[in-house]
Amino acid sequence: MADERGASGATVILAFLSGAALGAVVALLLAPQSGRESREQLRRYARRAENHLRDLAGRAGEAFEEAVEEGKDYVEKRKSVLREAFDAGREAMKHERDRVRGEDSGGA
């Protein structure tokens, strides 16, 4: 989920929202309207930004939990494969040891 520069999607979205908020504040300060109207508009923008950030944080938390679960599944699968390979190696070693012992006792 990282682009070529290493920035995550959440970082890009946060930077975009920050830039949009700063642009909105500058536009409001330079707009030909009363102070009361500007303050009310700023409050609406702030509430909207807060809602967007809460939503973004919730989605980021869900994505993190999903990634952790996928990581656990991957580790468990790898452990299973390694365990099977280890058991097969141990069994092959035991079989070969028994074969060599049989040749030593049979050939003497």
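At-a-glance table
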quantity: Between 0 and 90°, nearest 10: helix 35-107 axis offset from the chain longest Cα axis; calculated: 0
quantity: Distance between modelled label sites at Ala21 and Ala60, nm, 7 Å Cα→Cβ extension; calculated: 1.2
quantity: Portion, in percent, of the accessible area of the chain that falls on carbon or sulfur, probe 1.4 Å; calculated: 59
quantity: Estimated FRET transfer efficiency (Lys72, Thr11; beta-carbon r; R0 35 Å; 0.05); calculated: 0.85
quantity: Rounded, prolate or oblate (a/c below 1.5 giving rounded, otherwise prolate when a/b exceeds b/c) for region 11-59 by Cα gyration tensor; calculated: oblate
quantity: Sequence of Leu42, Leu30 when ordered by accessible area, the most exposed leading, probe 1.4 angstrom; calculated: Leu30, Leu42
quantity: Principal-axis tilt of helix 9-30 within the chain, Cα atoms, nearest 10 degrees; calculated: 10
quantity: Å² per residue, accessible surface of the chain at 1.4 Å; calculated: 85
quantity: In Å², nearest 10: area of Lys94 left accessible to a 1.4 Å probe; calculated: 100
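The values are calculated or read from the model by the stated rules, or taken from the named source; none is laboratory data. Everything quoted here is computed from the prediction, not taken from an experiment. Please note: Cβ atoms are built from the backbone with ideal geometry, for glycine as well, and neighbour counts cover all protein chains shown. In case anyone asks, the SASA skips ligands and DNA or RNA and just uses the protein heavy atoms, side chains included. Shrake-Rupley method; radii C 1.70, N 1.55, O 1.52, S 1.80 Å.
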